[in-house]
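The values are calculated or read from the model by the stated rules, or taken from the named source; none is laboratory data. Worth saying up front: this structure is predicted, and the values here are computed from it rather than measured. Note that each Cβ is placed from the backbone with ideal geometry, even for glycine, and that neighbours are counted across all protein chains shown. SASA here: full protein model, heavy atoms, side chains in, ligands and nucleic acids out. Shrake-Rupley method; radii C 1.70, N 1.55, O 1.52, S 1.80 Å.
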Amino acid sequence: MEQSSAAIPALYSSRAIRGFSIVFSAIAGGIMLAQNFRHVGQPKAARVSLWGGIGYTVLMVWLTSFLPARMGGNSIGLIIGLVGGYGLNAYFEQNLPNKDAFPAKSIRKPLLICLLIALPIAAFIVYVIVIGAEAAGEHSAY
């Protein structure tokens, strides 16, 4: 008996998972991968990918807090996200070797959710930096 295409769930691609891990964090990639595993009936793999993304992100934030200020910058975040994304992709490949047989799922919904979370946080950080710079400027005049 042939399986209909309606029974095959759409999954987020490895490229989408890796991209979200780089731009937003391994948490975002882990959530997307967990959804993939839930759709194919692998709840244990879904939990591992979700907690793996969270754990990796927390560990990397903690480890990078020990780096000297001059080693920080934009590239360290990209490298951490890239490594996290490739780790999630490796886990995806290990647990679902035929992942390319599934149709690709649209990234519109996770992109909107991530932007709704990330943009207010980024605006708050910019606001704090600007207010902090203004306050430091006012105090230095005394």
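Of all residues in segment 120-140, at least one satisfies being modelled with pLDDT of 90 or more, part of a helix (DSSP H, G or I), surrounded by fewer than 10 Cβ atoms within 10 Å (Cβ to Cβ) and under 16 Å from the mean Cα position of the chain (by Cα). Are there any pairs, at least 6 apart or on different chains, whose C-beta atoms fall under 7 Å, with the first in segment 24-37 and at positive phi and the second buried (at least 23 other Cβ atoms within 10 Å of the Cβ), and if so, which? Going by the 7 Å Cβ cut-off, the qualifying pairs are 25/81. The numbered conditions (1) among the aliphatic types (A, V, I, L, M); (2) modelled with pLDDT of 95 or more; (3) open to solvent by 60 Å² or more (accessible area, probe 1.4 Å) are all true for residue 59 except (2).
Can you confirm whether segment 33-50 contains a residue that is within 10 Å of the chain's Cα centre (by Cα) and surrounded by fewer than 22 Cβ atoms within 10 Å (Cβ to Cβ)? No, that holds for no residue.
Within segment 73-90, restricting attention to residues that are under 17 Å from residue 50 (Cα atoms) and open to solvent by 50 Å² or more (accessible area, probe 1.4 Å), the residue that is modelled with the lowest pLDDT is 82. When the residues of segment 91-105 are filtered to those that are touching a residue at least 40 places away in the same chain (Cβ under 8 Å) and surrounded by fewer than 17 Cβ atoms within 10 Å (Cβ to Cβ), the one that is nearest to residue 53 (Cα to Cα) is 93.
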